[in-house]
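Okay, structure first, notes after.
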Amino acid sequence: MSRLLTAPMTFAIGVILTVAVLDLPEIPAGLTPTVLASMEMSGVGHPVTGVLLNFRGYDTWLEVGVLLLAMQAVLLLQRSYDLSLLPSDPPANPVLSWFTHLLVPAMVLVAGYLLWMGTKAPGGAFQAGAILGAAGVLLRLAGYRSVAVLRGVLMRALLLMGFGLFLVVAVGVMAFGMQFFQYPGRPAGEIIFALEIAISVATGLTLAALFVGGRPARRHADGERRGSH
Amino acid sequence: MSQFLLYSLASVALFCIGLHGLIAHRHLLRKIVAMNVMASGVFLLLVSIARRNQDMVADPVPHAMVLTGIVVAVSTTAFALALARRICLETGRVSIEEEEEQGDTQ
Amino acid sequence: MDFDQLLDLLLVTALLGVAWKALASPDLFKAVVLFIAFGLLMSLAWIRLNAPDIALAEAAIGAGLTGTLLLDAVRQMSVRQE
């Protein structure tokens, strides 16, 4: 019975939303003039990067925190920070191997380029981090251990790097008499770039580790977890 | 039909398609795909609102919100998939079964 | 109707069609592949809406990484069931 209600209910929600969307007020200027007027203060040349890492840096910090939480939850399901215990793919066929050798260095280069260009053109830390994560996933699919080579303290340190640097900057400026998360005027650009580097490396590692760590370990007959043979 | 109108109506349609898929399907993976489609609908609405004033550059604040939203969506998907795989490993079931109403088990 | 409007209309039709097929397809693998295609079409929609940063992020994260995660899960779950 409740199955039959799904379609009409969804349709009703759709009608309500359509009315709401059609009812939006007249074309305002939005926040564009405010942001564009403050761009020199932000230290970067691209509006979206300025908003993401300076004006709304608090949201970005919490977003990195969400990534960290998801990673923590996935690692909890594995019950170990040591991803090398998980079964890995078999070594790849020659075409995939050659392709990986060709593509992974290019991916790292493209990620660095996007990171650098993010200060003045479309690009930025998350795009670069996504490509680094994809490189980690490609390595894993080609049979290498990829992210699983990191273990213990190093893995935890790299995962925490993005969130931690944000926290250090946000609280550290308070030691100089400013408010929480208030970037100082002139080094703002350099601070933002350092944060971007930390975010992209940490995001790349987290995204690749979410892929690698998502696979449940094999269980043998006695219920104990064993690695791959 | 202006660009804003077209894309905002499309975003409402996407949201409803995703919502219907989320409720109607029982398989866990299909629910996760439906959730992602719903998220894409919401992001499309946000960005088309940012593009409403055609004379100016697009509003960067909703762009930043959508970028944050995409990363949060992939985190949620990764965690949901890890949970779903663990459920499949432990119980062997991949879908949420409905409780059948039986007269004699109550 | 000029070219821009026609392009937008075709893109929106393709988006909604692929999303519908992705959720209505009986084969799970086909559904995930259609979802990856949906992600790439969303990338085009972001470009049409003057959001190149989001287009980059959607192509890499939304279509690429989410698609990979889903494909991996589909493979593991279908192996389990046999």
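Based on DSSP H segments of at least four residues, each scored -39500 (n - 2.57), chain A has a per-residue ellipticity at 222 nm of -21000 deg cm²/dmol.
Rounded to the nearest angstrom and listed largest first, the equivalent-ellipsoid semi-axes of the stretch B:1-85 from its Cα gyration tensor are 28, 16, 5.
Extension gain for A:LEU160-A:TRP116 works out to 13.6 nm (0.36 nm per residue, less the C-alpha to C-alpha distance). Grab the beta carbon distance between A:LEU22 and B:ALA24, set R0 = 22 Å, and tell me the FRET efficiency rounded to 0.05. Working from the Cβ atoms, E equals 0.25. Residue by residue along A:46-53, Cβ atoms of other protein chains within 10 Å of the local Cβ number 6 on average.
With the Cα gyration tensor of the stretch A:1-61 giving a ≥ b ≥ c as the square roots of its eigenvalues, does the rule (a/c under 1.5 for rounded; else a/b larger than b/c for prolate; else oblate) give rounded, prolate or oblate? Oblate, since a/c reaches 1.5 and b/c is not below a/b. All C-alpha pair distances within the stretch A:1-153, sorted into 10 Å bins from zero, spread as 9, 20, 22, 23, 19, 6, 0 percent across the bins.
Along chain A, counting only GluC sites (Glu not before Pro) with a DSSP assignment other than H, G, I, E or B and at most 14 other Cβ atoms inside a 10 Å radius, the longest segment between sites is A:27-223.
Full extension of the chain between A:PHE181 and A:GLN72 yields a length gain of 36.7 nm, computed as 0.36 nm times the residue separation minus the alpha carbon distance.
For the protein assembly as shown, what D do you get in µm² per second when you plug the Kirkwood radius from alpha-carbon pairs into Stokes-Einstein at 25 °C and 0.890 mPa s?
Taking Rh from Cα pairs, D becomes 108 µm²/s.
Heavy-atom accessible surface of the protein assembly as shown, averaged per residue, reaches 48 Å², computed with a 1.4 Å probe. For the residues of C:33-45, the average number of beta carbons from a partner chain within 10 Å of their own beta carbon is 2.
Nearest 100 Å² is fine: what is the total accessible surface buried where chains C and B meet, probe 1.4 Å?
3700
Name all residues of the stretch A:183-206 having a backbone nitrogen under 18 Å from the label point set 7 Å from the Cα of A:MET174 along its Cα→Cβ direction, giving them as ranges. Within reach of a label on A:MET174: A:183-184.
Find the sum over both chains of the accessible area lost when A and C are paired, probe 1.4 Å, and report it in Å² to the nearest 100.
When A and C are taken together, about 1100 Å² of accessible area is lost.
Put simply, when A:9-18, A:205-214 are sorted by average Cβ atoms within 10 angstrom per residue, most first, you get A:205-214, A:9-18.
Both chains summed, the buried accessible area for A and B stands near 3600 Å², from protein heavy atoms and a 1.4 Å probe. Rg and Dmax over the alpha-carbon atoms of chain C stand at 14.8, 53 Å.
Its residue count N sets the reference 2.2 N^0.38 Å, and the alpha-carbon radius of gyration of the stretch A:157-212 equals 1.28 times that reference. Measure off, as a whole percent, the carbon and sulfur share of the 1.4 Å-probe accessible area of the stretch A:55-165, all protein chains present. C and S atoms contribute 76 percent here.
Here the stretch C:8-82 exposes an accessible surface that is 70 percent carbon and sulfur, computed with a 1.4 Å probe and the other protein chains kept in place.
The values are calculated or read from the model by the stated rules, or taken from the named source; none is laboratory data. Just so we're clear, the structure is a prediction, and the values are computed from it rather than from any experiment. Positions of Cβ are backbone-derived with ideal geometry, glycine not excepted, and every protein chain shown enters the neighbour counts. Ligands, DNA and RNA are excluded from the accessible area calculation, which covers all protein heavy atoms including side chains. Shrake-Rupley method; radii C 1.70, N 1.55, O 1.52, S 1.80 Å.
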